[in-house]
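In what follows, a structure is listed as structure tokens, so that the remarks can point back to it.
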């Protein structure tokens, strides 16, 4: 990749530092998409030994690129995102990916296709981790930042995606216990 193309690609990714998510940090400010992406990739790296049969490099790549479309559209919470929102983000992202030099463009397009199909273990695990990271972040945030629908959503978000993998199912149960305690404690303070 030429230095000019590299700087352009990094500029697009850099926009994610300023794209805020619905989630709040433990420190009391809105989380950026870049922060979510960083911890998601680290999450995948930390658990790679639990899944020796998968391509952990591919999983980490999926985590790193999964929200790049938000640099064009911003973040829309999953419970508000429409099919039209998803289509716009996918179209803008596909156009940008196609503008990248080969073989990077083909590799990224292939990863995005695999992530969308969610048939491989890597794609299934990436999506499960993406859901879990969001709930972990909510659990770390002050309860006052939660909206009413999160009282139920955070109890089940990602549960179905984790069920296929015993390690992730166990982790999801632990995260649910933390969520339940957070809700009980938060409601007691109201």
Sorted from fewest to most neighbouring beta carbons within 10 Å, what does the list 115, 92, 62 look like?
92, 115, 62
Can you give me the relative contact order of the range 86-190 as a percent, contacts being Cα pairs under 8 Å and 6 or more apart?
21
For the chain, modelled as a Gaussian network with Cα springs under 10 Å, which listed residue fluctuates most, 84, 26, 94?
84
In nm, what is the difference between 0.36 nm times the number of residues separating residue 72 and residue 90 and their Cα-Cα distance?
5.5 nm
Which angle from 0 to 90°, rounded to the nearest 10, does the C-alpha axis of helix 104-117 make with the longest principal axis of the chain?
40
If you average the sequence gap of Cα pairs under 8 Å that are 6 or more apart and divide by the length of the range 3-189, what percent do you get for the contact order?
23
Can you give the calculated 222 nm mean residue ellipticity of the chain, where each DSSP H run of n ≥ 4 adds -39,500 (n - 2.57) and the sum is split over every residue, rounded to the nearest 500 deg cm²/dmol?
-21000 deg cm²/dmol
Build a GNM of the chain with springs between Cα atoms under 10 Å: which of 25, 37, 152 gets the top mean-square fluctuation?
152
Can you list, largest first and rounded to whole Å, the semi-axes you get for the range 3-189 by taking the square root of 5 times each eigenvalue of its Cα gyration tensor?
29, 20, 14
Nearest 0.05, what FRET efficiency do residue 7 and residue 113 give at R0 = 25 Å with Cβ-Cβ as r?
0.40
Got a sec? How would 48, 119 order by Cβ neighbour count within 10 Å, fewest to most?
119, 48
Listing 167, 126, 112, 157 by rising number of other beta-carbon atoms within 10 angstrom, fewest first, gives 167, 112, 157, 126
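Quick note: the coordinates plus some simple rules give every number you see, no bench work behind them. Given the structure is predicted, the values throughout are model-derived calculations rather than measurements. Positions of Cβ are backbone-derived with ideal geometry, glycine not excepted, and every protein chain shown enters the neighbour counts.
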